[in-house]
Amino acid sequence: MVHLILDQFPAELLQRIAVKLSSREALTFILTCRSIHSACDDWTVWRDLLAMSHILGGSYDVILQSDMKQNWKKYVLADALAGQKTPLKREDIEHWLPHMIVMLHPLALSSDTAVIHQLCDFICNISIVFDHGTNPPSQGAPSFCLTSQLLTNYTSSTASKRPRRLRFVQWLRLTYHNGDSIRPQDNLVHHLAMLHTLANRAVGFFYVELIWALENNCNNTRPAGVMYPPTISTLPTPSHQPPAPFSSAGLEAFSTCHLSKMTDPTFFMDDEWKGFDCANGDTFCFYGIGADNDEVIVNRLDVGPNHNYPFRVDRFIQFQLVREWENGERYLLQSNVFQTQASFHMLQIEINRTNGHLKIEYRFPLLSFYAVMDAVITPFVIVLPVGANGLWYWYWKVKWSGRNPDVYGI
């Protein structure tokens with residue numbers, strides 16, 4: 001009966017009613033009858049609904065920058081689904097959840113993680129995935145969701161004892177220590193997709209263990225000079241230009257949408273970098289970039305080179321471009337010498353812009369030995385294991401560091 005009365009309202013009034021409702025209520029209203037749907041299924045309505053959805057915050061502007069106006073309706077639908085109180089299903093992860101998490105949607109970031117954990121446990125098992133041929137290029141999205149939620153919601157108060165997660169993350173080597181390729185070219189796409197998946201997951205577990213160590217000051221993890229790790233709110237994920245939810249091949253495009261901006265040489269060179277090394281064995285030590293180093297202090301290496309040490313050591317990483325080839329699709333970066341409380345070293349990184357593959361050389365200034373390690377650029381920046389002894393590195397840009405003065409004085 002109500003829809004018969006609403007039938008008589010002018011289209012402009014129906015549209016004004018729709019945009020005053022929440023996404024879920026608006027969809028119910030618009031689907032009440034054919035005439036209301038005809039009046040309200042308009043890009044201006046979907047635009048105004050997004051504008052009125054304060055829950056999206058600044059991500060609203062990013063969404064509306066798209067020229068694809070038909071996608072705005074998809075975001076309204078995803079916003080409505082994110083507000084449901086029902087447990088997530090795999091179809092939600094495939095169709096809309098990653099696209100709302102990357103836009104920092106708070107309800108998506110706090111949604112039930114049970115199905116995400118189950119899916120990640122499966123897709124991050126190298127032997128299962130490759131043995132059964134279930135290695136789609138889209139598989140990085142679930143691990144992105146899980147890590148984003150960890151970077152949003154985890155506090156050490158949720159764990160009474162040291163969490164042990166990072167040590168169980170698997171990894172793939174694509175390169176021999178001399179830099180030559182291990183994998184045949186026809187399998188490289190699938191191996192890189194797997195590496196992106198594993199790297200996304202590793203960041204979340206690194207974060208959980210690092211936060212626990214920082215807040216418990218485990219093995220002097222929090223000396224002066226180090227910086228708190230990023231949270232999802234300090235990372236510019238909405239700027240990655242992800243595909244809209246419910247898009248054809250949306251997950252595959254989602255898994256690589258960050259590469260365009262995050263593999264540009266200027267991305268590495270326009271800021272200083274910080275991070276932590278994690279010795280994830282029985283000692284459970286984290287070494288922060290910028291922490292006091294006794295050898296640097298005694299030899300005054302932070303002042304400048306001398307006859308014994310022909311280099312200066314900094315409390316941050318800074319990159320410079322060394323050379324480019326393949327029309328700029330591949331290039332080489334060199335870092336300064338930087339310190340943690342345990343050592344000082346430098347990095348040389350070869351970057352493939354097409355697939356986000358990084359070949360990283362860890363060089364120790366006083367030694368000729370170095371080894372090439374595999375990494376990928378993730379939405380959470382750079383994470384990788386070094387060697388087989390549980391040593392992991394996570395590096396991020398200074399401007400993305402979290403801030404928590406209650407933990408230590410920074």
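Points worth noting:
- Flag if F268 is buried (at least 17 other Cβ atoms within 10 Å of the Cβ), within 17 Å of V226 (Cβ to Cβ) and under 20 Å from the mean Cα position of the chain (by Cα): no
- If you filter region 67-81 down to residues that are of a type outside the set (S, T, N, Q) and out of contact with any Pro (no Cβ under 9 Å at 6 or more places or on another chain), you find that the one that is nearest to M103 (Cα to Cα) is D79.
- Options A375, A371; residue that is among the hydrophobic types (A, V, I, L, M, F, W, C), assigned by TED's automatic domain parsing to the domain that holds G288 and within 18 Å of the chain's Cα centre (by Cα): A375
- Among the residues of region 51-80, the one identified as among the charged types (D, E, K, R), modelled with pLDDT of 75 or more and not in a helix (DSSP H, G or I) is K69.
- Yes/no for W72 being out of contact with any Ser or Thr (no Cβ under 6 Å at 6 or more places or on another chain), farther than 11 Å from A244 by Cα and touching a residue at least 24 places away in the same chain (Cβ under 8 Å): no
- Residue match in region 302-310 (condition: in the same structural domain as L384 (by TED's automatic domain parsing) and crowded, with 20+ Cβ neighbours inside 10 Å): no
- Hey, L332 under 23 Å from the mean Cα position of the chain (by Cα) and farther than 24 Å from V203 by Cβ or not: yes
- Restricting G328, G275, G288 to those that are under 30 Å from F254 (Cβ atoms), crowded, with 20+ Cβ neighbours inside 10 Å and either modelled with pLDDT of 95 or more or not aromatic (F, W, Y) (or both) reduces the list to G275.
- Restricting F29, F9 to residues that are more than 30 Å from T234 (Cβ to Cβ), of a type outside the set (S, T, N, Q) and part of a loop (DSSP other than H, G, I, E, B) narrows the list to F9.
- Test: residue in region 154-169 that is modelled with pLDDT under 85, assigned to a loop (DSSP other than H, G, I, E, B) and more than 25 Å from the chain's Cα centre (by Cα): yes
- Candidates are the residues of region 211-252 that are more than 16 Å from the chain's Cα centre (by Cα) and aliphatic (A, V, I, L, M); the one that is surrounded by the fewest Cβ atoms within 10 Å (Cβ to Cβ) is A249.
- Test: residue in region 347-368 that is surrounded by 14 or more Cβ atoms within 10 Å (Cβ to Cβ), among the basic types (K, R) and modelled with pLDDT under 90: yes
- Qualifying residue in region 81-104 (condition: hydroxyl-bearing (S, T, Y), touching a residue at least 12 places away in the same chain (Cβ under 8 Å) and in a loop (DSSP other than H, G, I, E, B)): no
- Scanning region 32-50 for residues being charged (D, E, K, R) and outside any helix (DSSP H, G or I) gives a total of 2.
- Once region 369-387 is narrowed to residues that are of a type outside the set (A, V, I, L, M, F, W, C) and on the phi < 0 side of the Ramachandran plot, the residue that is modelled with the lowest pLDDT is Y370.
- Within region 20-51, if we keep just the residues that are farther than 23 Å from M103 by Cβ and of a type in the set (G, A, S), the residue that is surrounded by the most Cβ atoms within 10 Å (Cβ to Cβ) turns out to be A39.
The values are calculated or read from the model by the stated rules, or taken from the named source; none is laboratory data. Treat the numbers as computed from the prediction; the structure is a model and nothing was measured. Here the Cβ is made from the backbone with ideal geometry for all residues, glycine too, and neighbour counts use every protein chain on show.
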